[in-house]
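Peer 1: If you scroll down you'll find the structure; I have some questions about it.
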Amino acid sequence: MRCLTLKKLFFPLLIVTFLLSALSHYMKWGAVIEFACAGLAILFAAGLLGKATESVAHYAGQRLGGFLNATFGNAAELIIAIFLIKEGLFDIVKASLTGAIIGNLLLVLGASALVGGLKYKEQKFNVHLAGQNASLMLLAVIALFIPAIFVKTEHISEHDTMNISIIVAAFLIFAYLGWLFYSMFTHKSFLGDHEDTKADHGENAAWSKRMSIILLLVATVMVAFISEWLVHTLDTFSARFGLSELFVGAFVVAIVGNAAEHSAAVMLALKNKMGAAVEIAVGSSLQIALFVAPVLVFVSLLFGKEMNLIFTTIEIAAIGVAVLIATSISRDGSTTWFEGKLLLIVYAILGVSFYFV
Amino acid sequence: MRCLTLKKLFFPLLIVTFLLSALSHYMKWGAVIEFACAGLAILFAAGLLGKATESVAHYAGQRLGGFLNATFGNAAELIIAIFLIKEGLFDIVKASLTGAIIGNLLLVLGASALVGGLKYKEQKFNVHLAGQNASLMLLAVIALFIPAIFVKTEHISEHDTMNISIIVAAFLIFAYLGWLFYSMFTHKSFLGDHEDTKADHGENAAWSKRMSIILLLVATVMVAFISEWLVHTLDTFSARFGLSELFVGAFVVAIVGNAAEHSAAVMLALKNKMGAAVEIAVGSSLQIALFVAPVLVFVSLLFGKEMNLIFTTIEIAAIGVAVLIATSISRDGSTTWFEGKLLLIVYAILGVSFYFV
Amino acid sequence: MRCLTLKKLFFPLLIVTFLLSALSHYMKWGAVIEFACAGLAILFAAGLLGKATESVAHYAGQRLGGFLNATFGNAAELIIAIFLIKEGLFDIVKASLTGAIIGNLLLVLGASALVGGLKYKEQKFNVHLAGQNASLMLLAVIALFIPAIFVKTEHISEHDTMNISIIVAAFLIFAYLGWLFYSMFTHKSFLGDHEDTKADHGENAAWSKRMSIILLLVATVMVAFISEWLVHTLDTFSARFGLSELFVGAFVVAIVGNAAEHSAAVMLALKNKMGAAVEIAVGSSLQIALFVAPVLVFVSLLFGKEMNLIFTTIEIAAIGVAVLIATSISRDGSTTWFEGKLLLIVYAILGVSFYFV
């Protein structure tokens, strides 16, 4: 009942928050109000973008649809990041990528496992998939860690650093395409509860084909606008509250940009579809690490700027521990409430540490 | 037979070593003799403290008893550490916590697996428990590693470092209480050979309820006295033998303080109750990392001092590799003699490295 | 058919390349040509050395044979390294050991899994062996990491660094001997597909006992000569192509020295004997890390030089990530083409990073 009301209110709220955000931006209501309005608006716009992508994917057929979902599932993050790059705010881009990865692995997965685990004693999912995900996440960590440690301990020029970044980015995209081919074609059945997820996503696709495409375009434009407004408030907002840009990027922006996925995963966990919840959380992290991040390196080149793939030590440490604990917990193909709590505690420890930087 | 004699001699030896230690301390027989006497005395007093705790726990009923055991199982270490904090010897506290964690994970677990493995080809235990233990140990490492790397690579004031330490300490205690609730209530049966252990511990509780409580109090007081005497000899003793305080704290104090657990775990392994041996070794490490260490941060505040949770790089490295190899070996729910040998070799490598600092 | 031709051509090519290398060396044809000739010659000589060792091992009976195989399987690397030590080129020795370890774990294992996986959907092998291998590799990483982090963060004199190195080296050899005893005697059947491998190796042993011993001696002498010639060209060669000695040691020398194993492992994977392929790749890494590297520390003492076991940060990082990803992928006792691709991508990322140092 409550859920139905929320669904009915979605479009009105989407429009109201968008208009409010636009008004606050153009009438200069001040950084805090502008930030709050943009944050609220992007919550709904990103939600619409996600649903529209799924709906278009639904009509595109299983394979092309899966590819669309996998490639544009983090379109909101990608658009926000592009606006940040345009402004040369590379550090915030990397912080928000870091935040999106650890947010998915710790907050989304943790909340799902905790909430689902309070209802069901043990929630199982495909153990093969968990193993592959672990190896892929490890690849992502390695691809961030290796160039960083080389650059930090050896004398490598800025030019060579960018060269390494470009080559590594290309390898990551190559790995990600291989993963799509592997999980959708050659080893589809092997990796189990994919069907589940799809069915679940499909259920939400209540729009016609034409409508879906229109909504996808509308949502993209809305996200793009709000992202620009949001980005412009960041420095004033963080200065006002004494927050580092790192914290704002890694926790505030990342949580706002991922809210739709958060709620979807928790809902699935409550229906005992932990496999689908894991796929959203881990799949989204993988997509950001192996696809969004490297694509942004090339995007920066298009803008005539050079954003390399060298993350800071604490960002790599944060991603590293998030991957370690998430894979340690999910590797056995099951979760319990306590494992969810552990993930949330690690997220909190990271949040506290980033806050004091 | 030999074992029976040892049991009969326990109380006489306890009293004799305690008196010797007291004499050597008050009559100032010199740091080396005082250290030796106190070390010997604490061996027996800590043993009595452990047995009395178990016995009280036995009468307190299964649940409260389990909680008592889990909370005061490392009372001796806790008391020693409190006296070190009172003297402001924070570095030795951290070294002895480090030593207790790696000692349990490498020396106790390694000796148990090696000795048990020489008698039985393969010793199995609950694989779920092993997995959960691995994730909890990982949390402990993360909780030490993340604040440390933030403090070491970013500009974080001493005041903020203490704030981070307090918050992280609170989170660790919160995680530990969750673990007790989880393993004793919601997922008791799920985590298997607990029963075994309990039965085994129970078997030693040959005292009446009243006697147990009296012995618990007596043992606590004895440990407290000896700890103070021991702490006072540490710097002279380490100076005399050219040992760093780090080495004395991490290896000498830690081994002495844990001797009772060492022998108990090895005995259980010899009876092919590897699950119980693992629970002692890993459970004790977890307790120190997730309960004793964070509690000591708050204890230091009570003394008007500020001991943060920032361990040195080599301490974190030592704990990190101990957790890695111990979880790698125990994750499959079985051990062999060779795996025990591996753990002991890692312990030896750490010992050699600490020795030369 | 193609394979048969190659076999027929093996001895002629061995002799021709050896003579060419000798000529180029003594007639001073220039570093590039000398390097190319020596590289080609050592490819065949190392191949002969490997086959002759297997053949002698075959006649020595299962146990002594297994020991011979395990101990002298990397004789070529050992001989090359000895000549490097004689010249005092410790950095290149360590680089080539690093290269041999990551080459086996990433390139050999990756190529085997990829090529084998294109033919078979999933290739399985003994899961116990995979777990033990993971723990042993972890020991190797720990034994390199711990002394290095102590030396890099604490004040440890050069003399003490050498002492630590000698003791740790002794422990590693002790662990390796324990492993041989464990896997060949006490837990032979437990570690499964050993038989397979042996059978497979045996199949190639087409020489008589006497012939095998003669060929073993001849191959050793040839490898020794070519190694010396190769070593002398390294600095000129790397200078000419603007390559760091690190890159030449870790990638060029290591690939050349391991070529025989590379092809053997891939062939086995194509016959769906992934267990044997894994044993070659992982076994060879283990042998280098736990046997060849520590033996070289003692060899350096024989030459009146002091090569310690302290590897550079990036070498340890490279070995660490190689072990992490290889164990993450092989721990479940099965591989697929995509997992092979992942390993090769990590190898490529390392190659690119080393190239730009």
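Peer 1: Can you give me the number of residues within segment C:146-190 that are within 25 Å of C:ALA95 (Cβ to Cβ), more than 20 Å from the chain's Cα centre (by Cα) and among the aromatic types (Phe, Trp, Tyr)?
Peer 2: Counting residues in segment C:146-190 that are within 25 Å of C:ALA95 (Cβ to Cβ), more than 20 Å from the chain's Cα centre (by Cα) and among the aromatic types (Phe, Trp, Tyr) gives 2.
Peer 1: Moving on. Residue by residue through segment C:303-319, note down the ones that are surrounded by fewer than 21 Cβ atoms within 10 Å (Cβ to Cβ) and either facing chain A (nearest Cβ under 9 Å) or within 15 Å of A:GLN132 (Cβ to Cβ) (or both).
Peer 2: Across segment C:303-319, the qualifying residues are C:THR312, C:THR313.
Residue-by-condition table, conditions (1) surrounded by 23 or more Cβ atoms within 10 Å (Cβ to Cβ); (2) closer than 25 Å to C:GLY257 by Cβ; (3) modelled with pLDDT under 95; (4) facing chain B (nearest Cβ under 10 Å):
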| site | (1), (2), (3), (4) |
| --- | --- |
| C:ILE80 | yes, yes, yes, no |
| C:GLY88 | no, yes, yes, no |
| C:ALA100 | yes, yes, yes, no |
| C:GLY117 | yes, no, yes, no |
| C:GLN123 | yes, no, yes, no |
| C:MET137 | yes, yes, yes, yes |
| C:ALA148 | no, yes, yes, yes |
| C:VAL151 | no, no, yes, yes |
| C:SER157 | no, no, yes, yes |
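Peer 1: Restricting to segment A:321-344, name every residue that is at the interface with chain B (Cβ under 7 Å from one of its Cβ atoms) and either free of Cβ contacts under 8 Å to residues at least 60 places away in the same chain or among the hydroxyl-bearing types (Ser, Thr, Tyr) (or both).
Peer 2: Answer for segment A:321-344, where residues must be at the interface with chain B (Cβ under 7 Å from one of its Cβ atoms) and either free of Cβ contacts under 8 Å to residues at least 60 places away in the same chain or among the hydroxyl-bearing types (Ser, Thr, Tyr) (or both): A:VAL321, A:LEU324, A:SER328, A:THR336.
Peer 1: Could I ask something else about it? Can you tell me which residues in segment B:179-189 are at the interface with chain A (Cβ under 8 Å from one of its Cβ atoms) and buried (at least 18 other Cβ atoms within 10 Å of the Cβ)?
Peer 2: Hits for segment B:179-189 are B:TRP179, B:TYR182, B:HIS187.
Peer 1: Here is a further query. Looking at segment C:86-100, I want the residues that are closer than 20 Å to C:TYR347 by Cβ and have a partner that is not in a helix (DSSP H, G or I) with Cβ atoms under 6 Å, at least 6 apart or on another chain. Which pairs are those?
Peer 2: Here the result reads C:LYS94/C:PHE311, each pair linking segment C:86-100 to a residue that is not in a helix (DSSP H, G or I).
Peer 1: Test A:TYR355 against the criterion of being modelled with pLDDT under 95 and within 14 Å of another protein chain (Cβ to nearest Cβ), and give yes or no.
Peer 2: Details: modelled with pLDDT under 95: yes; within 14 Å of another protein chain (Cβ to nearest Cβ): yes.
Yes, satisfied.
Peer 1: Among the numbered conditions (1) surrounded by 21 or more Cβ atoms within 10 Å (Cβ to Cβ); (2) within 14 Å of chain B (Cβ to nearest Cβ); (3) within 13 Å of A:VAL108 (Cα to Cα), tell me where A:SER284 comes up short.
Peer 2: Going through (1) surrounded by 21 or more Cβ atoms within 10 Å (Cβ to Cβ); (2) within 14 Å of chain B (Cβ to nearest Cβ); (3) within 13 Å of A:VAL108 (Cα to Cα) one by one, A:SER284 breaks only (2).
Peer 1: Could you check how many residues of segment B:131-167 are of a type in the set (Val, Ile, Thr), touching a residue at least 60 places away in the same chain (Cβ under 8 Å) and within 18 Å of B:VAL321 (Cα to Cα)?
Peer 2: Qualifying residue count, segment B:131-167: 1.
Peer 1: Then there is this: Take the residues in segment A:68-78 that are part of a helix (DSSP H, G or I) and surrounded by 24 or more Cβ atoms within 10 Å (Cβ to Cβ), then tell me which one is modelled with the lowest pLDDT.
Peer 2: Filtering first and then ranking leaves A:ALA76.
Peer 1: What pairs come out if I take residues in segment B:235-250 that are part of a helix (DSSP H, G or I) and pair them with residues that are among the β-branched types (Val, Ile, Thr) and loosely packed, with under 15 Cβ neighbours inside 10 Å whose C-beta lies under 8 Å away, six or more apart or interchain?
Peer 2: Close Cβ pairs (under 8 Å, with a partner that is among the β-branched types (Val, Ile, Thr) and loosely packed, with under 15 Cβ neighbours inside 10 Å) amount to B:PHE237/B:VAL32; B:ARG240/B:VAL32.
Peer 1: With respect to A:ASN133, determine if the residue is surrounded by fewer than 21 Cβ atoms within 10 Å (Cβ to Cβ), polar (S, T, N, Q) and within 14 Å of another protein chain (Cβ to nearest Cβ).
Peer 2: Values: surrounded by fewer than 21 Cβ atoms within 10 Å (Cβ to Cβ): no; polar (S, T, N, Q): yes; within 14 Å of another protein chain (Cβ to nearest Cβ): yes.
When the stated conditions are applied, A:ASN133 does not pass them.
Peer 1: Let me ask something additional. For the list (1) outside any helix (DSSP H, G or I); (2) away from every other protein chain (no Cβ under 14 Å); (3) closer than 30 Å to B:ALA36 by Cα, I need the number of the one condition that B:ASN272 fails.
Peer 2: Result: B:ASN272 passes all but (3).
The values are calculated or read from the model by the stated rules, or taken from the named source; none is laboratory data. Because the structure is a prediction, the values reported are computed rather than measured. Methodologically, a virtual Cβ is constructed for each residue, glycine included, from the backbone with ideal geometry; neighbour enumeration extends over all protein chains shown.
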